[in-house]
Amino acid sequence: VRGPPPAGSIKPRPAKRTAFRKFYERGDFPIAVQHDGVANKIAWKVEIENLDYHYFLPLFFDGLCETEFPYEFFARQGVHDLLEHGGNKILPVVPQLIIPIKNALNLRNRQVLCTTLKVIQHLVVSAEMVGEALVPYYRQILPILSIFKHMDVFHFLDIMTQENEFSIE
């Protein structure tokens with residue numbers, strides 16, 4: 001007697017077109033690539049501190065679903081830069097970040113999953129009370145993570161941390 005077929009709960013889902021990609025292609029973001037000798041960075045055309053975080057931070061979080069260059073690069077680096085310079089502008093935006101986080105986790109793509117977990121780590125340490133502000137949304141975020149608790153995704157996350165990708169020290 002054979003058991004039931006696999007349910008496909010960890011099978012990667014196809015990514016939908018993101019609002020981040022649409023806005024990037026229209027040129028709505030005040031960013032450009034800055035080519036350094038070692039790695040590329042984002043050259044912001046305006047001061048990051050002057051950006052409307054209620055508008056831009058959720059859009060950049062939406063880009064966490066991206067896996068293609070340049071969208072992936074701009075989304076990840078943009079989130080990192082915004083969290084680095086956001087200070088007290090981040091906490092009021094947390095409720096708007098839950099859906100993009102949930103969408104990224106729901107793709108069940110290991111690369112996107114690990115990147116999103118690193119971004120959540122950075123989000124929590126980016127401003128005071130952000131961790132506490134995430135607590136009411138655990139019901140939406142944790143079930144997806146529980147699917148992967150026995151997979152090697154968290155080992156991959158440790159490797160990413162050792163490589164200092166989005167280091168939060």
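Laboratory data are not the source of any read-out in this text; all were calculated from the coordinates shown. As the structure is a prediction and not an experimental result, all values here were calculated from the model. Because the Cβ atoms are built from the backbone with ideal geometry, glycine has one as well, and the counts that use them run over all protein chains shown.
Quick one: Cα centre-to-centre distance for the range 84-153 and the range 1-62, in angstrom? After rounding, the separation between the Cα centres reads 14 Å.
From Cα pairs below 8 angstrom and at least 6 apart in sequence, can you work out the relative contact order of the chain, rounded to a whole percent?
Working: 177 pairs, mean separation 37.2, N = 169.
With pairs under 8 Å counted, the relative contact order is 22 percent.
What number, rounded to the nearest 500 deg cm²/dmol, is the helix-based mean residue ellipticity at 222 nm of the chain, given -39500 (n - 2.57) per DSSP H run of at least four residues and division by all its residues? Let's see the in-between values first.
Values: 8 runs with 89 residues, N = 169.
Helix contribution divided over all residues of the chain: -16000 deg cm²/dmol.
Of the residues 91, 82, the one with the fewest other Cβ atoms within 10 Å heads the list, and the complete ranking is 91, 82.
Per residue, how much space in cubic angstrom lies within the convex hull of the C-alpha atoms of the chain?
Details: hull volume 22.2 nm³, N = 169.
For the chain, the hull spanned by Cα atoms encloses 131 Å³ per residue.
Think of each Lys and Arg Cβ as +1 and each Asp and Glu Cβ as -1; about the Cα centre, that makes the dipole of the chain roughly 1060 debye.
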